[in-house]
1. Can you list residues whose amide H is under 5 Å from A:VAL304's amide H, if they're 5+ apart or on another chain and H is modeled 1.01 Å from N?
2. How large a share of the accessible area of region A:1-69, in percent, is made up of carbon and sulfur atoms when the probe is 1.4 Å and the other protein chains stay in place?
3. So what is the accessible area of region B:30-97 per residue, in Å², with the probe set to 1.4 Å?
4. B:ALA143 versus A:ALA110, label points 7 Å from Cα toward the beta carbon: distance in nm?
5. Extending each Cα 7 Å along its Cβ direction at A:PHE95 and A:ILE78, get the distance between those two points in nm, one decimal.
6. How well do other chains shield peptide A:95-104, expressed as the mean number of their Cβ atoms within 10 Å of each residue Cβ?
7. Full-extension gain between A:LYS21 and A:SER102, please, as 0.36 nm times their residue separation minus the C-alpha to C-alpha distance.
8. Need the per-residue list for region B:144-171: every residue with at least 50 Å² less accessible surface in the complex of protein chains than in the chain by itself, probe 1.4 Å, sorted by number.
Amino acid sequence: MNCKKIEEFLQAYHDGELSAKEREAVERHLKKCQRCQAKLAELAALDELIIDGEAEKVPDPGKHYWHNFSHRVTRRLIPRREAIIRPRRPRPLGFRLLPYLSAAVAVFLAIVISIPLLKRAPAKFTEEEIAEITAPPQKSNVSFKRFEKEPEAQKIELRDKKLVSTDEILGAEPVETGRKSPVAGMTAEADMAAKGAGAAAKEQKPPTEPSRTERTFLKDEEKAKPAAAAKTAEPYLEEAEVFAAQLAPKSGTLRVVIDSTGRLAKVTIEKSSGDPKADTMAMKTYKNQWEGKTFRERQRTLLVPFSQQPAE
Amino acid sequence: MPLPVLGDEETNPQAKSREPPEDEKKLLAEAKNGDTEAFGKLVERYQRRVYTVIYRFVRNHTEADDLAQEAFIRAFKAIDRFDLRYPFSPWMYRIAINLTLNHLKKRRLPMVDADLERKPSADNPVSVLEQVETRRKVHAAIARLPIKLRQVLVLRVYEDWPYAQIAQVLDIPIGTVMSRLARAREAVKEELKELL
């Protein structure tokens, strides 16, 4: 064999892949050929360099790693469905009834809480109060309707269906038109006394026992002295009646709001007289009349009628 | 402190008989019937060898671990197509190497060899630096080889596989193995001639 032929076998010889006959032939050549020996040595050196340089040994991950490796592989081989799907166990009875139980508890609590409220005793009235409530209404030319516990304030509505003019209210007999209010009655008396028509008023309304509302209203006053109580009655009621008395009937109504300090807060048209000028005039007049005054009772609304043609 | 390494008898296919033993045939037959436990025993037999071959290419434990697991899983999924008349190891290696080479193609990053820095064998700092530099150059030279040349070189030089085994695993003629191996060696020698 020549060198060219040997070179073809040299790598296989180096790798131990030749048959015994081929290996002997190569070795015979190598003994007498230094060039081929050098090539073989170069091949061996290269492999050594590759092996050394590449860090031939693979680091061992350890026994624990190898012990678990096959398990990790076979675990991934199990079909996912098989691994995950399990027969669904029925939930315990308590969980299934939980919505119904909670609703029942809520209803029970609502009943328990509301029982004390329902058992509260109703307001008790004295015999006099019951008699007053059930008594037939007494007619009066001027009446005040009291609205208890209105959201914004207590309201007193001044009604007079018959007042036409100042002359009529001062000279004529009052016409009873509505339920008589003790406060209104006293106010009417005080007003009439101030205007010189006290006799007529006294004839019309003899002093009566004050009602519950009146007692409350006159808590600080002398209950045994109706005349004195009349003098200290609400000035705005008196003035409202006077104002109403000066006006033509069924013309219009002012809404007069008393604020929390007892002062006149606002005067608006509750019911227009049909004449804007008359409405404006009535409001201005009423405001001017009450300017600088303070009322004892606070946060009230008065409904004061006025006419289109204020009396001169 | 040097890390423990895998012994040759655990990684070299030459250390085992090329003919599949009877018990392995039985396990293969059971695995073909879907028996994961039987396949698990096959995994235990070949896990170190497969891991080592893959590690040779990727030089990274995490990647080698993932690829080794994936190789066995693919083998199990394809075991219906395996012919019991042939040995299992070449077929298994072929799956592992093809998977690894495809992974390296996708990675498109130069192989990073963690051993370069952590396994110097010399105590002299200068020698340590020389070793590291040598390894870096060798590693770079092999990494620059085309995959077809690299896989033959790695299996022959590092794993000491015979030509026939390489040809069987890579499904190429022995003559092609020899020619690719010669070209690979020539290319590396050209790269490392200053070190020779």
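The values are calculated or read from the model by the stated rules, or taken from the named source; none is laboratory data. Worth saying up front: this structure is predicted, and the values here are computed from it rather than measured. No Cβ is skipped: glycine too gets one built from the backbone with ideal geometry, and neighbour counts run over all protein chains shown. Ligands, DNA and RNA are stripped out before the accessible areas are found, and what is left, the full protein with its side chains, is counted by its heavy atoms. Shrake-Rupley method; radii C 1.70, N 1.55, O 1.52, S 1.80 Å.
1. A:LEU254, A:ARG255, A:VAL256
2. 50 percent
3. Here the residues of region B:30-97 average 40 Å² of exposed surface.
4. With each label placed 7 Å out from Cα toward Cβ, I get 7.6 nm.
5. 2.2 nm
6. 0
7. Value of the extension gain: 19.6 nm.
8. The answer is B:VAL157, B:TYR158, B:TYR163 - residues whose exposure falls by at least 50 Å² when every protein chain is included.
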